[in-house]
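Have a look at the structure below before the remarks.
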């Protein structure tokens, strides 16, 4: 007698995976909807379309039946659905059988689905800083606190606040963050300045980091922002002490265990 799938694979259980025509699934494009993700507007990737035509959709998407609209909405898997639609168009032109998309059903409120959407996307592939900030703000507006956001995005509360601070910055700062020219910590510090001061400072930060490797760029920009570089080893402390003055020099000598004249305490 043939074994069932649970016995055959040594699994402890199974769940139902449904199959959908990608054209019958609803992708949210309304920015006010809890399940909106601006990446829904990303252009198609030709390599991915060809891959889907050849192999189909391997990883199931997540879907939710909206009780108000009566439609099946995509919670996670927008790009897979979009590329499957294009793949089907080409397959049908070639007289070939269109493919279907496997989907796992999620149940709960629209707000719960928004949380599931964020978590699944963040765990698989992190969004851009600005994209995360917009999602955080959207969830915050729907009643989620900083602790909730930290849990959903897999970070701490300080990171949530730093990320949200990006939305208070002018475009020049936001563009620099998206391009990887400055980091979130800088953006949070800059958000406390006037818009023009932010624009001036971010120009200086970009110039300071130009052509430098990531670590050197971080050190240059930290100095420009007025942050003392982290010093860990005795050799690093001694090196820093040769150029240090005033209270900073005293602090370094204290760390080394010497008095102000260099004698061992």
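Taken together, the values in this text are just the output of simple stated rules run on the coordinates, not laboratory data. Nothing here was measured: the structure is a model prediction, and the numbers come from that model. Cβ: placed from backbone, ideal geometry, glycine included. Neighbour counts: every protein chain shown.
Panel order for 169, 155, by other beta carbons found within 10 Å of each beta carbon, from fewest to most: 155, 169.
Put in order of Cβ neighbour count within 10 Å, fewest first, the listed residues 113, 136, 53 become 53, 113, 136. The order of 182, 105, going from fewest to most other C-beta atoms within 10 Å of their C-beta, is 105, 182.
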